[in-house]
Structures are given as structure tokens and as C-alpha cells.
Amino acid sequence: MKPSAGRKWKILIVDDEELIRELINMALEEFECELRSSNNTADGFKVAEEFRPDLIISDVLMPGGTGDKLVWRIRTEIPGYDPYAILMSGYSELTQNQIESLRIDRIIEKPFQLSQIVSIVKEVLKSGPVLSKLD
């Protein structure tokens, strides 16, 4: 999935920890992406449905739901919509089969460095209008 010509990449950050959302947002906003964030999976689904991000960066474990189930719900309940997905986790609770079946693009182990997030976003969004700003 690539944004249409002249459109910026859209990124949704879903994490129950405000500090993590803010830090990732700050690390990525210099690349002039359109950024939105949510603190739970229910709201994250609503934001994804309306905003249609190209990439979702989500924590795995959150109160009220998990990031892998959020990605699955988005991909199954919003017809024709298949965003890139990066999951963040302090635990290795997802099996390789789950990662493959959900088509998760990357798993980031917590704790992480912000430079790692930027590098992984660059890797996942390999081309498009934002790439020149990510290099």
C-alpha cells in the first residue's frame, strides 16, 4: 500500500502509555507524516476506520485488548483495507505462526530506542513521498 501521489504517509500509534505515544510521535513528526494516536484498541479501531493510516504501530498488551487483535479486526472488518503493521512488545507472547497469519510487518521488543522505531518505519515504508525525508 502506497499513498497516492502528493499525499503524506498516515501513521497511527496505539499504546496505553502516553509517554510512549508522545515519544514516537515526536520521533516521526519531523518526517511530515500525518500522525494520530490512541490509548486503547477500541478507540484505535475507530481512528483507523476514519483516518485509514498506511501504517499502524501498536503495543501488544493493553487494557481492553491486544494489538494483534486490533490489526486482525481492522483487516477483517474494514473491506479492502490492509495497512502495514508494527507491533511493540515487552514480552514474546506472539508465536511465529500468529505473526505470519496476521501479516505483521515487524515486532519491536520493548524497551527500544527511538532511532530503532525510525529505522524500522523507514524499512517498512520503503518507498513513497516520505522516504526522502526519512533518509
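Only the coordinates and a few stated rules stand behind these numbers; no lab work does. Predicted model, so just to flag it, every value in this text is computed and none were measured.
General remarks:
- Extension gain (nm, one decimal) between residue 26 and residue 7, 0.36 nm per residue minus Cα-Cα: 4.8 nm
- In this structure the amide hydrogen of residue 110, modeled in the peptide plane, comes within under 5 Å of the amide hydrogens of 89, 90, 91, none closer than 5 places in sequence on its chain.
- Under 5 Å, built H, 5+ apart or other chain: amide partners of residue 54: 10, 11
- Net length gained if the chain between residue 77 and residue 17 were fully extended (0.36 nm per residue, minus Cα distance): 19.0 nm
- Relative intensity, log₁₀ I(q)/I(0), of the range 1-77 from a Debye sum that treats every alpha carbon as a point, q = 0.11, 0.15, 0.26 Å⁻¹: -0.26, -0.48, -1.25
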